[in-house]
1. Given H placed on each backbone N at 1.01 Å, which residues far from B:His326 in sequence or on other chains put an amide H within less than 5 Å of it?
2. Work out from phi, with θ = phi - 60° and the Karplus expression 6.51 cos²θ - 1.76 cosθ + 1.60, the ³J(HN,Hα) of each residue of the stretch B:139-146, listed in order in whole Hz, and give x for Gly and Pro.
3. So if I place +1 on the C-beta of Lys and Arg and -1 on the C-beta of Asp and Glu, and nothing else carries charge, what would the dipole magnitude of the protein assembly as shown be about its Cα centre? I want it in debye, nearest 20.
4. Quick one: grab the alpha carbon gyration tensor of chain A, order the square roots of its eigenvalues as a ≥ b ≥ c, and give me rounded if a/c is under 1.5, else prolate or oblate depending on whether a/b is larger than b/c.
5. Provide, as a two-decimal number, the C-alpha radius of gyration of the stretch B:214-371 over 2.2 N^0.38 Å, N being how many residues it has.
6. Could you put B:Glu323, B:Glu275 in order, starting from the residue whose Cβ has the fewest other Cβ atoms within 10 Å?
7. Amide H to amide H, which residues 5 or more places from A:Asn3 or on other chains are under 5 Å from it, using H placed in the peptide plane?
8. Can you give me the distance in nm between label points at B:Arg114 and B:Arg277, each placed 7 Å from the Cα along the Cα-to-Cβ direction?
Amino acid sequence: MTNDTIDQDAGDTLAAVARLLRHAAVRAWAQAEVEGPRSHLHLLGLGIHIASCQAVAMLPACADLEGQPPAQDDIAQLLRAAEELTRAIPVLDQAAGISPLVVAICDLMREATP
Amino acid sequence: MKRQDERSVGELLLDADFTTRQILMDVTGDDAPAMLRTWGEVVQSASELWATLPQPFRGTTSPIDGVTVARLESMSQAMHRNQIRRGWPGDGPSDERLLHVAETLTRAADLIGRRGGHIGPTDPAVRADLDAARMRIMHTLYVGAHSVGVAAQQHVADVELATTRGMPSRECRAVPRGQDAINRLAAFEQLAGAYVGNQFARAVQGEHVHGPYGSERLQQALIGWDIQAHRTLATNPTPANLVLASRTQAGIATAAAAILHAGARTGHVDAHAYEHRLAPTLDATQQAWTQVATRWAEMTTPAGRTDLDLVHAAGELRAAVREVAHDKTTWARPEVMAGRVDLGEAAQHLQQALSTAVDVACVIRDVAAEDPNLTGPARAMSHRANADIDRAAGRGHRGKDVVWVTGHSPCCATVARPQTQ
């Protein structure tokens, strides 16, 4: 599924959100593997990955999702950065789905922050 | 002297939106009574602001728009009346952050009322601005309703736990009353979410609002996941879908270990069987699925898309597990889980899910072994092929397996497939 109606700036920002979320999921899973198969971080990583899939689905097929991984490794910081980026995305029909994504990221932040 | 607020309507709307997000990130069960007392003011302010926005010109916008906000206000008023009738949460302080949201929306309405009389909604740019304002208001209500609902859920969970420790019965009335508030807020959130998600038709057609809870929800989520995983992998076995399928299966194994551990500790599951047979098997299963997911992740490209139906099924499964087994940032204690659901029943649902997971594993194996259309990034596959060859050579299997990687483009190659000579 792709969204070819989203505005260029909003699409670029959303692509950055997707990259941050993907990296956060990778970090959560890496920490989970260190803690072992019963770590709750496996499910946190799954939740973040699901959010990143939602973000990617809102992008056009040509969206740039490559690029260097972000420098920070802290999961909560990565989620915070992703949420802050979503503030620049207008809540319009062309970006339908941004509201559930915002809620998902905020829920994940609460889950990731002791 | 108070400094005059010189922000524009747009800035005020952003302030209200960002405040509700911050509330959602920080909310706890202790906030629920104050938030429930204040939520009605937020909705009323939003409704008044909506009414001050210039009306659409000659039906340029669907009349449904106004109906939605009217329904939301009506739901909020009904909730408020119910709170008064049942005496819960009762008198007490308001939530300062939600009050700030209500005041910000009221300030925006005042601004439009005083200075926006000349706005003509015939201009396309103005109409776009008005549409954006309406969406932002509805988005704020959606995020805000979710945060009040989260607070109410945590509050009910906290009270239920305290009840098991002998809390006075007077305090226990918060459980059914809180549950009622949760249901009403879920309906509110769904209606507002349908507006911002452009899914109004689905909402008015009676999509479910109050789903099942506890082990029944877990059972339905596990069954729904199994069906969707088979559907997606049968029609679209891409690496991106295979990653999510494998990670979710690993998550099921992790959740099963946590829930069965709680069952063993509280007498719902045979403790000896859990410790000596179930736990080691679940750990091994989890690690195997994680290994599979890691392999498929190497074959995905960043632009790879995941089937949204599979994404939704995984999300529902994760939410159902959290409802049973999580407490804020980690696993709930065994007695907390036991207070939420019948752990013996939950264990049975998980056992069935783990049995059917064998079939999902077979499907994934068949994709890896037989799908002629499987592709992946050439560099990653080359590394993987070399690593596999080195590992086989190290075990003395030289000449037995050959891994083929066929290049199609600089960034894509068909899957490496072992072939026995």
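1. Excluding prolines and chain starts, which carry no amide H, the hits are B:Ala332.
2. For the stretch B:139-146, the Karplus curve yields 4, 5, 5, 5, 5, x, 4, 4 Hz.
3. Numbers: 50 positive and 62 negative charges, 84 e Å.
Once rounded to the nearest 20, the dipole reads 400 debye.
4. Numbers: a/c = 2.09, a/b = 1.84, b/c = 1.14.
Prolate, since a/c reaches 1.5 and a/b exceeds b/c.
5. Values: Rg = 15.7 Å, N = 158, 2.2 N^0.38 = 15.1 Å.
After normalising by residue count via 2.2 N^0.38 Å, the value is 1.04.
6. Values: B:Glu323 19, B:Glu275 12.
Lowest count first: B:Glu275, B:Glu323.
7. A:Leu59, A:Ala61
8. About 7.6 nm, to one decimal.
None of the figures in this text is laboratory data; all of them are computed from the coordinates on show. These figures come from a predicted structure and were not determined experimentally. Note that each Cβ is placed from the backbone with ideal geometry, even for glycine, and that neighbours are counted across all protein chains shown.
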